[in-house]
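**Student:** Structure below; questions to follow.
The values are calculated or read from the model by the stated rules, or taken from the named source; none is laboratory data. As the structure is a computational prediction, the values presented were derived from the model and not from experiment. With ideal geometry, Cβ positions are generated from the backbone for all residues, glycine too; neighbour counts draw on all protein chains shown. Heads up: the accessible areas ignore ligands, DNA and RNA and are worked out on the full protein's heavy atoms, side chains in. Shrake-Rupley method; radii C 1.70, N 1.55, O 1.52, S 1.80 Å.
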Amino acid sequence: MDQRQVVVSENYANPITCFFHVLFKAAALAFYILFSLFVKSFVIIFVITVLLAALDFWVVKNVSGRILVGLRWWNEIDDKGNSVWKFECLDGESLARMNKKDSWLFWWTLYLTAAAWIVLGIFSLIRLEADYLLVVGVCLSLSIANIVGFTKCNKDAKKNIQAFAQNALASRVTSSLQSAFGVL
């Protein structure tokens, strides 16, 4: 009887959210690439690509960011007219329990999409197509806005996780000392 070690891999905890997180990114890139190769209607390419990129921006910022990595960001204008970034994240314990595959998918697709738009922008520059560079610029701006927002928010979240870990460690040490010396 052959006993094989079964490796259990972690599945996506939120497959539907992951699907939509990737869907609009892939749709915007695929539409832009295919239609700029085969259909030369700039207006259609601009409108539909930017619409798909805007849908991606909204889904990432308002849905998948919250569900996949437990982060949320927004920007407000204060009374003096200054732009103020606001960040929310789950508590340290909840963040520590987030699904690693979901998080990996979230961050990699966020950065790879921006990289793809940069490459497409370089191709537009090489082909001297300034109008298509406008489409790429809008899509890249939306991608970068999410990258900046979630990266800043993630730094706050890491501080929360560190504080949670330090508090949990201090609590364990204290309870161990109390039980070792019989103090309750």
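**Student:** Only one of these is of a type in the set (Ser, Thr, Tyr), farther than 16 Å from residue 133 by Cα and surrounded by fewer than 17 Cβ atoms within 10 Å (Cβ to Cβ): 83, 41, 64. Name it. Quick ask: steps written out before the conclusion?
**Tutor:** Values: 41 fails: farther than 16 Å from residue 133 by Cα; 64 fails: surrounded by fewer than 17 Cβ atoms within 10 Å (Cβ to Cβ).
So the residue among 83, 41, 64 that is of a type in the set (Ser, Thr, Tyr), farther than 16 Å from residue 133 by Cα and surrounded by fewer than 17 Cβ atoms within 10 Å (Cβ to Cβ) is 83.
**Student:** Just the residues that are in contact (Cβ under 8 Å) with a residue 12 or more places away in the chain and open to solvent by 40 Å² or more (accessible area, probe 1.4 Å), please, taken from the stretch 25-38.
**Tutor:** Initially, the stretch 25-38 is screened for residues in contact (Cβ under 8 Å) with a residue 12 or more places away in the chain, giving 25, 27-29, 31-33, 35-36.
The answer is 33, 35.
**Student:** Could you say whether any residue in the stretch 109-131 is under 16 Å from residue 14 (Cβ atoms), polar (S, T, N, Q), open to solvent by less than 60 Å² (accessible area, probe 1.4 Å) and free of Cβ contacts under 8 Å to residues at least 60 places away in the same chain?
**Tutor:** We begin by selecting, within the stretch 109-131, every residue under 16 Å from residue 14 (Cβ atoms); these are 109-110.
Still in the list and also polar (S, T, N, Q): 109.
Filter once more, keeping what is open to solvent by less than 60 Å² (accessible area, probe 1.4 Å): 109.
The next check asks that each one be free of Cβ contacts under 8 Å to residues at least 60 places away in the same chain; those that pass are none.
Checked against the condition, which is being under 16 Å from residue 14 (Cβ atoms), polar (S, T, N, Q), open to solvent by less than 60 Å² (accessible area, probe 1.4 Å) and free of Cβ contacts under 8 Å to residues at least 60 places away in the same chain, the stretch 109-131 yields no hits at all.
**Student:** Take residues that are over 22 Å from residue 30 (Cβ atoms) and of a type in the set (Val, Ile, Thr) and tell me which of the helices (runs of 4 or more DSSP H) falling wholly in the stretch 58-139 contain 2 or more. Steps first, please.
**Tutor:** Numbers: elements: 65-69, 92-96, 100-126.
Ranges flagged: 65-69.
**Student:** Something else: Among the residues of the stretch 132-146, which ones are open to solvent by 40 Å² or more (accessible area, probe 1.4 Å) and touching a Leu at 6+ places or on another chain (Cβ under 9 Å)?
**Tutor:** Within the stretch 132-146, just 133 meets the criteria.
**Student:** Checking residue 103 against (1) farther than 24 Å from residue 66 by Cβ; (2) of a type in the set (Gly, Ala, Ser); (3) modelled with pLDDT under 90, which test does it fail?
**Tutor:** The one condition residue 103 does not meet is (1).
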